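These notes concern the structure reproduced below.
The values are calculated or read from the model by the stated rules, or taken from the named source; none is laboratory data. This is a predicted model, so every value here is computed, not measured. Heads up, the Cβs are rebuilt from the backbone with ideal geometry, glycines too, and the neighbour counts pull from every protein chain shown. The accessibility values were calculated without ligands, DNA or RNA, using every heavy atom of the protein model including side chains. Shrake-Rupley method; radii C 1.70, N 1.55, O 1.52, S 1.80 Å.
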Amino acid sequence: MAALTSTLPLLLEFPFETLYVTSIIRVSLYVSIIAVVVSTLVSLPVAFVMGFTEFRGKQFFTSVINTGMGFPSVVVGLLVLLLLSNQGPLGGLDLVFTKEAMIMSQFVLATPPITAISLASITSVETRVRDAGHVLGGTKIDVALLTLKEARNGIATAILAGFGRAISEIGSVLIVGGNIAGADGVSRTRTLTTAIRLEARQGRYDTAIVLGAVLIVLVLVVNGIVIRLGGQEGLR
């Protein structure tokens, strides 16, 4: 903490470093937030369909989703890179080493935890709550909305968990993003995690400490919200 306190004033004295650090934070938040928003739009419908319907192969798909939560990030980065390379099916889009490529890789990583945790929250809603909705004359949509209301804390936890996975990612974004910063000191595809790795390897520990502190604060805030939501869920 003392090192961080002594480092912050030094960074603020140099506009280049300030611009560099703020641009990295901006890129990290932009990429992670967009990836999580898109992932949520895909994950929640999938979780609702799986939570409200029975179909052949449901257990298999659930296993695939759970397995995806532990899928190696470097493998995800490699697959996305091959997909976007000149020889890949999406090579014509020219997205290699761009923020869009990083969003794609983080989307793949964030989707399994958001889907799995949301599905667990939906299926954990007591049967009597759903039965009450049917008894009161509610349609399937009404019962689904009631279930969503009951599972809202768990779904919020799922989204935050996906964001935590995305913002702390290094392997896949390093592969598809390239960790690029311009000569003007503005990050192009450099995120908090990849910048910390680079700064530490080059001996610029003051900048690495500041970036690390920002990342820790973001992760702690997310974890704090998750714990709070979990506590509220337990009191219900």
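One table, with the values for the structure above:
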item	result
Relative contact order computed over the stretch 161-236 (Cα-Cα under 8 Å; 6+ residues apart), in percent	25
Probe 1.4 Å, protein heavy atoms only - accessible area per residue of the stretch 143-204 in square angstrom	38
Distance in nm between pseudo-label sites at Asn86 and Arg188 (7 Å out along the Cβ direction from Cα)	1.7
Label point 7 Å beyond Cα of Phe71 along Cβ direction - residues of the stretch 84-105 with amide nitrogen under 17 Å	84-85, 89-90, 101-105
Difference of contour (0.36 nm per residue) and Cα-Cα distance, Leu41 to Ile216	60.3 nm
Per residue value of the accessible surface for the stretch 20-86 (all protein chains in place, 1.4 Å probe), Å²	55
